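Here the structure is laid out as structure tokens; the discussion comes afterwards.
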Amino acid sequence: MYPRICLKFVLRFIMKYHHSAFIYIAATLIANYTASLFVPIPYIGQFAVGTLFFGVTFTQRDRVHKWGKKYVYQMIFLAAVLNVLMCLVLNVPPRIIAASFLAIIIAESVDTEIFAALHRRSWFIRALSSNAVSIPIDTLIFTMIAFWGDLSTPEIIGLLIGDSLVKYVISFLVALWKEKDNNSSTWVEDASEG
């Protein structure tokens, strides 16, 4: 009964808030499932494969702002809960999910508040500004909780640098792509954000 209710809520939420919420939630799930796989970046360090997916979430979350902060926070909470369920079902290490849960709640809340506070700026500037602050917060929280004690200090430093760079590049590219969409459609602001 409980899984059916949960699935019904997830589907209703995603259908109501379109593809941005779905992409955000799917990206967090895939990112956490692949978080322990690493790709080296010559002369810089490395990045987790999950970062390729998680980099998309920063801008996708900003897209959901058009429905208001309340829905952004619902989406963040839903993603965190689904990641905990994934941990139980797919045997993702609990430290990965704990790191993700805390990083999502803290960094995404910071991002959401910055994005909302810049309501008089263009969507593109809001997205880039909020991402500029939330990406290092997310990377630091996630990496330290997920990998401290499992990786050496140089590996952690390389991961912090690599993950941050990959997240910045991906979130910037997604923001550019979404900015093009924003310029071709009407952007509706929620009065509660102003």
Per principal axis, largest first, the Cα atoms of segment 31-90 extend in Å by 42, 29, 10
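Could you tell me the convex hull volume per residue, in Å³, taken over the Cα atoms of segment 92-150?
Once divided by residue count, the hull of segment 92-150 is 65 Å³.
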Compute the Rg to Rh ratio over segment 55-177 from the alpha carbon atoms, using the Kirkwood formula for Rh, and round to two decimal places.
0.99
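By how many nm would the segment from A98 to E113 grow when fully extended, if each residue of separation counts as 0.36 nm and the alpha-carbon distance is taken off? Before the final figure, lay out each step's value.
Details: separation 15, 0.36 × 15 = 5.40 nm, distance 2.26 nm.
So the chain would gain 3.1 nm between A98 and E113.
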Please give the Cα centre distance for segment 71-138 versus segment 157-178, rounded to the nearest Å.
15 Å
Net charge near V110 (other residues with Cβ under 15 Å of its Cβ; Lys, Arg +1; Asp, Glu -1) is -1
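Read-outs throughout are calculated quantities, based only on the coordinates presented, and are distinct from any laboratory measurement. Model, not experiment: these values are computed from the prediction. No Cβ is skipped: glycine too gets one built from the backbone with ideal geometry, and neighbour counts run over all protein chains shown.
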